[in-house]
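The values are calculated or read from the model by the stated rules, or taken from the named source; none is laboratory data. Keep in mind it's a predicted model, so treat the numbers as computed, not measured. Here the Cβ is made from the backbone with ideal geometry for all residues, glycine too, and neighbour counts use every protein chain on show.
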Amino acid sequence: MCNEVIQVDVIIPTQTKYLDLIGSIGEHIAKDLDDFSGDREALAYHLNLVLTEATTNAIKHATLTTPKDTVRITIHIQDNELNIKVYDHGQGFDLETVPLPDFDQPKESGMGLYFIRTLMDSVSYTKQADCNVLEIIKYL
Amino acid sequence: MKLNLEKMNGCSVIFIQEERIDAHNSGELKEYILHMIEQGEVNIIVQLECVRFIDSSGLGALLSGYKHAAAKSGKLSLACCKPQVLSMFELTRLNRVFEIYADLSEAFENEA
């Protein structure tokens, strides 16, 4: 059981130099979680990766439309549920139409969402009035 | 992207000197490898001992190098992957594409 409540709320410029910072936050959270009985090193890598991929997507979407935009990332842990939300202000996309990678003819792009979907328990992308939200849930 | 290039046993060995390959530096790595291939250096080994994190863009940069080297009858192989980096190649089945060697000696035995 993880009985802690953790809330992190970060806003960064849409610049890839901040990916290390965002990924590291996830990695540190995984390493410092009390009462986590799973593979802590694997969780640390996976949170680093998922936060990096989700933030990269948000930066790419924003850079195309409004280069001086920001990306907001929230991480909330409560009652064994880790919830990540990444807010972007780009045009958005339809998560359901993003295909699985073709493993027999691998391409250089398109693996980021596959990582998020494979390593986490639930992923959704919703368009709201003034932004889009990628919501990722992992049960600890 | 901090890296060193050394010619060893007929191969061009790229020693990545970063702990992290992500969308911030993978574009630079991709361009560097493509430039090498354009210059005729098509037998490449990427030594990943320092790398403890790679994302999808990093995998993409290496895959790009692999494809361009293969198109010129060369090869891009990998060596010294840490277990969690290796797991990213396994998750994407790219371990079936790349030759991944435990160390440079093994790489030279097979590639040089």
* **Residue within region A:77-99 that is touching a residue at least 12 places away in the same chain (Cβ under 8 Å), in contact with a Phe, Trp or Tyr (Cβ under 9 Å, 6 or more places away or on another chain) and polar (S, T, N, Q) present** => yes
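Here is a yes/no grid of residues against (1) more than 14 Å from every other protein chain (Cβ to nearest Cβ); (2) under 12 Å from the mean Cα position of the chain (by Cα); (3) among the hydroxyl-bearing types (S, T, Y):
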{"position": "A:K68", "(1), (2), (3)": "yes, no, no"}
{"position": "A:Q78", "(1), (2), (3)": "yes, no, no"}
{"position": "A:D88", "(1), (2), (3)": "yes, yes, no"}
{"position": "A:F103", "(1), (2), (3)": "no, no, no"}
* Asked: Do we have B:A70 as within 23 Å of A:Q105 (Cα to Cα), among the hydrophobic types (A, V, I, L, M, F, W, C), within 14 Å of another protein chain (Cβ to nearest Cβ) and touching a residue at least 40 places away in the same chain (Cβ under 8 Å) here?
  -> no
* Asked: When both residues are 6+ apart or on different chains and their Cβ atoms are under 8 Å apart, which pairs have a first residue that lies in region B:44-64 and is more than 21 Å from A:P101 (Cβ to Cβ) and within 14 Å of chain A (Cβ to nearest Cβ), and a second that is assigned to a strand (DSSP E or B) and at pLDDT 95 or above?
  -> B:V51/B:I16; B:V51/B:R20; B:V51/B:I21; B:R52/B:R20
* Asked: Which numbered condition trips up A:F36, out of (1) surrounded by 13 or more Cβ atoms within 10 Å (Cβ to Cβ); (2) modelled with pLDDT under 90; (3) more than 21 Å from A:K138 (Cβ to Cβ)?
  -> (3)
* Asked: Picking from B:S64, B:S105, which residue would you name as being outside any loop (DSSP other than H, G, I, E, B) and surrounded by fewer than 21 Cβ atoms within 10 Å (Cβ to Cβ)?
  -> B:S105
* Output for region B:12-40, where each listed residue is part of a helix (DSSP H, G or I) and either within 14 Å of chain A (Cβ to nearest Cβ) or closer than 21 Å to B:Q84 by Cα (or both) -> B:S26, B:G27, B:E28, B:L29, B:K30, B:E31, B:I33, B:L34
* **Set B:F89, B:F98: member being within 27 Å of A:G112 (Cβ to Cβ), more than 9 Å from chain A (Cβ to nearest Cβ) and part of a loop (DSSP other than H, G, I, E, B)** => B:F98
* **Condition broken by A:D9, with the remaining ones in (1) among the acidic types (D, E); (2) within 14 Å of chain B (Cβ to nearest Cβ); (3) touching a residue at least 24 places away in the same chain (Cβ under 8 Å) satisfied** => (2)
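Would you confirm, using the coordinates I've provided, whether B:E111 is touching a Lys or Arg at 6+ places or on another chain (Cβ under 8 Å) and at pLDDT below 95? Steps first, please.
Working: touching a Lys or Arg at 6+ places or on another chain (Cβ under 8 Å): yes; at pLDDT below 95: yes.
Against the criterion (touching a Lys or Arg at 6+ places or on another chain (Cβ under 8 Å) and at pLDDT below 95), B:E111 qualifies.
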* Criterion: surrounded by fewer than 21 Cβ atoms within 10 Å (Cβ to Cβ), closer than 22 Å to A:E53 by Cβ and of a type in the set (A, V, I, L, M) - qualifying residue of B:L34, B:L91 -> B:L91
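Quick grid of which residues meet (1) within 14 Å of chain B (Cβ to nearest Cβ); (2) out of contact with any Asp or Glu (no Cβ under 6 Å at 6 or more places or on another chain):
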site: A:L19; (1), (2): yes, no
site: A:D35; (1), (2): no, yes
site: A:R40; (1), (2): yes, yes
site: A:H46; (1), (2): yes, yes
site: A:T52; (1), (2): yes, no
site: A:A62; (1), (2): yes, no
site: A:I73; (1), (2): no, yes
* To do: For region A:89-99, indicate whether the set of residues that are over 28 Å from B:E19 (Cβ atoms) and either small (G, A, S) or at pLDDT 95 or above (or both) is non-empty.
  => yes
